[in-house]
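Each reported figure results from applying straightforward, stated rules to the coordinates on display, with no laboratory input. Please read all numbers here as calculations on a predicted model, not as lab measurements. A quick note on method: Cβ atoms are made from the backbone with ideal geometry, for glycine too, and the neighbour counts reach across all protein chains shown.
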Amino acid sequence: MSGNPQYSFFNAVQKSFDKAGKYTKWDKGILEQIRECNAVYQMKFPIKRDDGSVEVIEAYRVQHSQHKTPCKGGIRFAAEVNQDEVMALASLMTYKCAIVNVPFGGGKGGIKINPKKYSPYELEKITRRYTAELMKKNFIGPGTDVPAPDYGTGEREMAWILDTYTAMHPGEIDAAGCVTGKPVTQGGVRGRREATGLGVYFGIREVCNMTEVMSKLGLEIGIEGKTVIVQGLGNVGYHAAKFFREGGAKLVCLAEHDGAVYNAAGLNEEDVFQHKSTTGSILNFPGATNIATSDEALELECDILIPAALENVIDGENAPRIKAKIIGEAANGPLTPEADEYFIQKGTLVVPDMYLNAGGVTVSYFEWLKNLSHVRYGRMEKRFTENLNSHILGQIEELTTKKVSKREREFIMHGPDEVDLVYSGLEETMITATNEIMNTWKSNPEIPDMRTAAYVVAINKVGTSYAELGIFP
Ligand code: NAD
C-alpha cells in the first residue's frame with residue numbers, strides 16, 4: 001500500500017483521463033472543460049462536543065460537472081478527507097454517471113472526522129450543520145445537488161440530512177429527492193443498501209461470461225467455482241461478498257482494517273460479519289487462518305480480487321506480488337496509475353471503479369425518480385400483472401388440459417415488487433455498460449485497458465452534451 005503522502009488521487013484521475021482523451025475526437029478545450037472541477041466548496045464550522053468543548057470541523061463539497069443536473073455523489077466521513085480526494089471522487093462520479101446513463105453531473109462531499117471518535121449525538125450535529133452549510137450556498141437540493149452515503153456514512157446520516165433540509169424548506173413537494181440512500185421508511189428505495197455490491201457482482205459476472213476475455217486470462221467461463229478475496233467488509237464489500245458466494249464463487253479470504261481470515265474451503269460472509277460484531281474483530285474466526293494485515297491478504301492466490309475499502313491500496317510497490325487474474329475495483333481508486341501500468345503489462349484484467357461500483361448511483365437514481373413521482377415502484381402494476389398472468393395461465397391449462405405445479409404457478413404469476421424492479425433495472429444497466437465498454441475496447445485495438453475504454457465511453461457522452469448544448473453565454 002502506498003505510504004506516499006505526496007500521492008494525488010486527483011492527479012491520478014486526470015492522468016487516466018488524459019490517457020483516454022487521445023482516443024476521442026474532442027478538441028483540447030472541451031477535454032479541459034470536462035476534466036476540471038466546476039466548483040469546490042471548503043467549509044469550516046464549529047460544533048459543541050458532549051463534554052462542552054468546541055471543535056472546528058473541516059468539510060468539503062465538490063461539483064465536478066453540471067453538464068447534467070442535479071450533481072450527484074456520496075458524502076464521506078473519514079479522518080483522511082482532503083480537497084484533492086474529494087475532487088478526485090467528484091470527477092469519477094461524472095464519468096460513472098455517464099457510463100451507466102444516469103443523467104446527473106458528478107459531485108462528492110467529505111467531512112474530515114473519524115466517526116468512531118464521536119457520539120451519535122455529536123455526529124448528528126455535525127451532519128445537520130454540514131447540511132445547513134450546503135444550503136447556504138445552494139449546494140444541496142433535488143434539482144441542484146443530491147448527496148448519498150459513502151465511506152463512513154449510511155442511512156442514518158441520510159435521514160438527518162433529509163430532516164434538516166425539509167425543516168428549512170417547508171412545503172417543498174420534492175424535498176425527499178434532496179438526498180438518496182435514505183431508510184426505506186423515509187423515501188428510500190428497496191435494494192439501495194446492497195446496490196453497489198450487487199452491481200459489482202453483476203459487472204464481474206458479465207465479464208466472466210465473455211469467452212474471449214476468459215480464454216485470454218486462462219480462466220473458465222462463469223463465476224461458479226472462482227476463488228475470491230474481498231478487502232473491506234463494509235456496505236460494498238459485505239454485499240459484494242454475499243452475491244459472489246450466492247452466485248457460486250468461493251470466498252477464500254475476507255480482510256478488514258485489523259487483518260484478514262483465510263479458508264481455502266470457502267467462508268460465509270454473514271458468519272464472519274457476525275463474528276466481527278460479537279468479538280470486535282474479524283480475526284480468530286473459527287476454522288479460518290488469521291492473516292496479520294489487510295495488505296498481505298491482497299497478495300494471496302485467487303482468481304478475483306475485490307478491494308472494497310479505500311483508495312490507493314495497490315501501488316507500484318505491491319502490484320508485482322498480486323496474484324489475482326481479475327481485479328474488480330469495488331472501492332474508488334484502489335489502484336495507483338503505476339499499479340495500473342504494471343497490470344496492463346502483465347495481462348491482469350482490471351475492471352475499473354467508475355463503472356464497476358456504479359450500482360449505488362444507479363439505484364440512487366431510481367430512488368430520486370421514486371421521490372419525484374411520489375409512488376412506490378410496483379404499486380400500480382403488481383396486482384394487474386398477477387391477475388393477467390393468472391388469466392393467461394388458466395387459458396393455457398384449459399387448452400392443454402395440463403396443470404402446472406404450485407411452484408411454477410407462483411413463479412409465473414408473480415407481479416413485480418419494488419425490489420424486483422430495482423434489481424432488474426440495475427442488472428440491465430450493468431450488462432449494457434459492460435457491453436458498451438468492451439465494444440469500445442474491441443473497436444480500437446490501441447486502447448490499452450478496460451479503464452481507458454471506460455473513460456473513452458464517458459468522455460464521449462459528456463463531450464456530446466457540451467457539443468449539443470453549446471457553451472454559455
Ligand atoms: P463502509 O464504511 O461501509 O465500509 C468500509 C469498510 O472497510 C469498513 O468495514 C472498514 O473497517 C474497512 N476498512 C478500512 N480500512 C481497511 C483496510 N485497510 N483493509 C481492510 N478493510 C478496511 O464504506 P463503503 O460504503 O462500503 O465504501 C467502501 C468503498 O466503496 C469506498 O471507496 C467508497 O468510496 C466506495 N463506494 C461506495 C459506494 C456506496 O454505495 N456505499 C458506492 C460507490 C463506491
- Query: Which members of the stretch 210-223 meet the condition of being hydrophobic (A, V, I, L, M, F, W, C), in contact (Cβ under 8 Å) with a residue 40 or more places away in the chain and either in a helix (DSSP H, G or I) or crowded, with 21+ Cβ neighbours inside 10 Å (or both)?
  - Reply: Val213, Leu217
- Query: Within the stretch 116-156, which residues are of a type in the set (Asp, Glu), out of contact with any Pro (no Cβ under 7 Å at 6 or more places or on another chain) and within 15 Å of the ligand (Cβ to nearest atom)?
  - Reply: Asp150
- Query: Taking the stated definitions as given, is Val272 in contact (Cβ under 8 Å) with a residue 40 or more places away in the chain and surrounded by 20 or more Cβ atoms within 10 Å (Cβ to Cβ)?
  - Reply: no
- Message: Of all residues being surrounded by fewer than 22 Cβ atoms within 10 Å (Cβ to Cβ) and of a type in the set (Lys, Arg) in the stretch 423-468, which is farthest from Arg205 (Cα to Cα)? Just the residue, please.
- Response: Lys461
- Hits in the stretch 324-367 - residues which are within 14 Å of the ligand (Cβ to nearest atom) and either among the aromatic types (Phe, Trp, Tyr) or on the phi > 0 side of the Ramachandran plot (or both): Gly333, Tyr355, Tyr365, Phe366
- Query: Take the residues of the stretch 132-168 that are of a type in the set (A, V, I, L, M) and within 15 Å of Lys370 (Cβ to Cβ): which is surrounded by the fewest Cβ atoms within 10 Å (Cβ to Cβ)?
  - Reply: Leu162
- Of the residues Ala260, Ala240, Ala255, which is touching a strand residue (DSSP E or B) at 6+ places or on another chain (Cβ under 8 Å), within 12 Å of the ligand (Cβ to nearest atom) and farther than 18 Å from Glu301 by Cβ? Ala240
- Filter pass, Gly171 being crowded, with 16+ Cβ neighbours inside 10 Å and either free of Cβ contacts under 8 Å to residues at least 60 places away in the same chain or more than 21 Å from Lys370 (Cβ to Cβ) (or both): no
- Message: Just to verify a result, which residue in the stretch 371-422, among those that are farther than 25 Å from Val189 by Cα and acidic (Asp, Glu), is surrounded by the fewest Cβ atoms within 10 Å (Cβ to Cβ)?
- Response: Glu398
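Give the residue, chosen from Val207, Val184, that is under 29 Å from Pro352 (Cα atoms), more than 15 Å from the ligand (Cβ to nearest atom) and surrounded by fewer than 24 Cβ atoms within 10 Å (Cβ to Cβ).
Values: Val184 fails: under 29 Å from Pro352 (Cα atoms).
That would be Val207, the only listed residue that is under 29 Å from Pro352 (Cα atoms), more than 15 Å from the ligand (Cβ to nearest atom) and surrounded by fewer than 24 Cβ atoms within 10 Å (Cβ to Cβ).
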- Task: With respect to Arg205, determine if the residue is within 27 Å of Lys108 (Cβ to Cβ) and not small (Gly, Ala, Ser).
- Result: no
- Evaluate the stretch 243-250: report whether one residue or more is within 19 Å of the chain's Cα centre (by Cα), buried (at least 18 other Cβ atoms within 10 Å of the Cβ) and of a type in the set (A, V, I, L, M, F, W, C). yes
- Task: Report yes if some residue within the stretch 381-388 is over 22 Å from Val86 (Cα atoms) and touching a residue at least 60 places away in the same chain (Cβ under 8 Å); otherwise report no.
- Result: no
- Task: May I ask you to say which residue of Ile314, Ile306, Ile322 is crowded, with 24+ Cβ neighbours inside 10 Å, among the β-branched types (Val, Ile, Thr) and over 18 Å from Glu194 (Cβ atoms)?
- Result: Ile314
- Query: Hey, among Leu162, Leu134, Leu123, which residue is part of a helix (DSSP H, G or I) and under 26 Å from Ile34 (Cβ atoms)?
  - Reply: Leu134
